[in-house]
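Trainee: I am attaching a structure below and will ask some questions about it afterwards.
Computed from the coordinates by the stated procedures, all read-outs in this text should not be read as laboratory data. Just so you know, these numbers come straight off a predicted model, no measurement behind them. All Cβ positions, even for glycine, are placed from backbone atoms using ideal geometry, and neighbour counts span all protein chains on display.
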Amino acid sequence: MATDTPLPKKVLVFGATGLIGKYIIQELYNARSSFEKIGFFTSKTTVENKADEVNEWKEKGVEIIVGDVNSEDDVNKAYEGYDTVVSALGRNAILSQVPLLKVAESSPTIKYFYPSEYGTDIEYGPSSAAEKPHQLKLQVRKYIREHTKKLKVTYLVTGPYSDLYFGPAGGDERVGSFNLKERKATLLGNGSEQISFTTMKDVGRLFVAALETPATAHERILKVNSFTTTGKEALAEFEEQTGAKWEVSYTSLEELKRLEEEAWEKDSPIKTVFTLHRIWLEGGTLYKVRSNGEIGFEGKEERLKEHVQEIIAKHD
Ligand SMILES: NC(=O)c1ccc[n+]([C@@H]2O[C@H](COP(=O)([O-])OP(=O)(O)OC[C@H]3O[C@@H](n4cnc5c(N)ncnc54)[C@H](OP(=O)(O)O)[C@@H]3O)[C@@H](O)[C@H]2O)c1
């Protein structure tokens, strides 16, 4: 793509061994011929606990920088020689991105910053501002708008990961569940509501596509996905590919809202999942236009059929 904007060449990832960070670093590595340097910043604890994984990346030529994400000195040193920062930090480290951004803004080398988003559109509509799971990410966007100028920031908004949604529920199947082992599903609403999903592999691939189409504005919001489907369509795909009729139950939207309220009152570990599933069921992943084309990804997405094949193959 013809552009005067320099392409990101030296990419440093935070959270590279996490749930989605793994897919991002893998796809970056697959596209390594486009980059001069790929590295990740991680903690001493992770280097000890995930020694094999970290060593494997080191052997492949990925630079491993060990430090404390909350130390401005460590971060400042890590940024030397990089032009792009990618954060895939987990939900409980979202605010650690504020000092990362502060240091990046004053760094002589960092030009691009990708905050940890990779999920629900936190500015979908007027009610988004009050949604509890969005609060920390909204604070990060506010910080970016008020305190950064030089950085070019891209938010990659992917909606729900189909790998998780089309899996068994942890804790309470009324939150929505696809239990392949037991051939049992709990569909949300009436099962006919559309939801847009991104496969975790596509999150990594879309991320690289975004990187290779650099932002020209201070802020770029990319709303991307792999496919749009309904609970019933997905179930039909699972039934066809497993050659079995599944046992199905439903959680209506009203019931989901009641369970969500109860989960927050009880401080349940899956309270956030209840809220996000309710937002998705209410249409919070449906956009007039998706951004796949803007980053040259239209037509390259994984499809429901092949994704279900992958889920079944992984399980067997
Ligand atoms: N769309 C969806 O369905 C969906 C699902 C899950 C997550 N997400 C989003 O994806 C993003 C990444 O989430 P994730 O689940 O992949 O993250 P994760 O696996 O929970 O954590 C990723 C990394 O963040 C660092 N980290 C975690 N807690 C930390 C703490 N308290 N202090 C310092 N560092 C910490 C760790 O890096 P080191 O080990 O290197 O220190 C960890 O490996 C989030 O924005 C999340 O909201 C979306």
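Trainee: What list do you get for Leu276, Leu89 if you sort them by fewest beta carbons within 10 Å?
Mentor: Values: Leu276 23, Leu89 18.
Ordered by Cβ neighbours within 10 Å, fewest first: Leu89, Leu276.
Trainee: Tell me whether region 178-281 comes out rounded, prolate or oblate; compute the Cα gyration tensor, take square roots of the eigenvalues as a ≥ b ≥ c, and use a/c under 1.5 as the rounded threshold.
Mentor: On the way: a/c = 2.51, a/b = 1.37, b/c = 1.84.
Oblate shape, in that a/c is at least 1.5 and b/c is the bigger or equal ratio.
Trainee: Excluding Thr17 itself, calculate the net charge of residues whose Cβ lies under 9 Å from the Cβ of Thr17, where each Lys or Arg counts +1 and each Asp or Glu counts -1. Don't skip to the answer; put the middle values down first.
Mentor: Working: positive: Lys22, Lys50; negative: Glu53.
Every neighbour counted, the sum reads +1.
Trainee: For a footprinting-style exposure proxy, rank Asp68, Asp172, Asp267 by other Cβ within 10 Å, fewest first.
Mentor: Details: Asp68 13, Asp172 16, Asp267 7.
Ascending Cβ contact count within 10 Å gives the list Asp267, Asp68, Asp172.
Trainee: To one decimal place, what Kirkwood hydrodynamic radius in Å is obtained for region 1-133 from all pairs of distinct Cα atoms?
Mentor: Values: mean 1/r = 0.0637 Å⁻¹.
That comes to 15.7 Å for region 1-133.
Trainee: When only alpha-carbon atoms count, how far does the chain stretch along each of its three principal axes, as whole angstroms with the largest first?
Mentor: 58, 43, 39
Trainee: Still on this structure, I have one more. Could you work out which residue, out of Ser177, Ser107, Ser33, moves most in a Gaussian network model of the chain, that is, has the largest mean-square fluctuation with Cα springs under 10 Å?
Mentor: Ranking Ser177, Ser107, Ser33 by mean-square fluctuation puts Ser33 first.
Trainee: Quick one: what Rg and Dmax do you get for region 128-248 from the alpha carbons, in Å?
Mentor: 18.1, 56
Trainee: Note down the net charge around Ile94, summing +1 for each Lys or Arg and -1 for each Asp or Glu among other residues with Cβ under 12 Å from its Cβ. Intermediate results must be reported in sequence, preceding the final value.
Mentor: Values: positive: Arg91, Lys137, Arg141; negative: Glu117.
Spelling it out: positives minus negatives among the neighbours equals +2.
Trainee: Ratio to report: Rg/Rh of region 41-82, with Cα atoms as the point set and Rh obtained by the Kirkwood method; give two decimals.
Mentor: With Rg and the Kirkwood Rh in hand, the quotient comes to 1.00.
Trainee: Going by how many other Cβ atoms sit within 10 Å of their own, how do Ser252, Ser87 line up, fewest first? Display every interim value, and only then the final one.
Mentor: Working: Ser252 12, Ser87 26.
Lowest count first: Ser252, Ser87.
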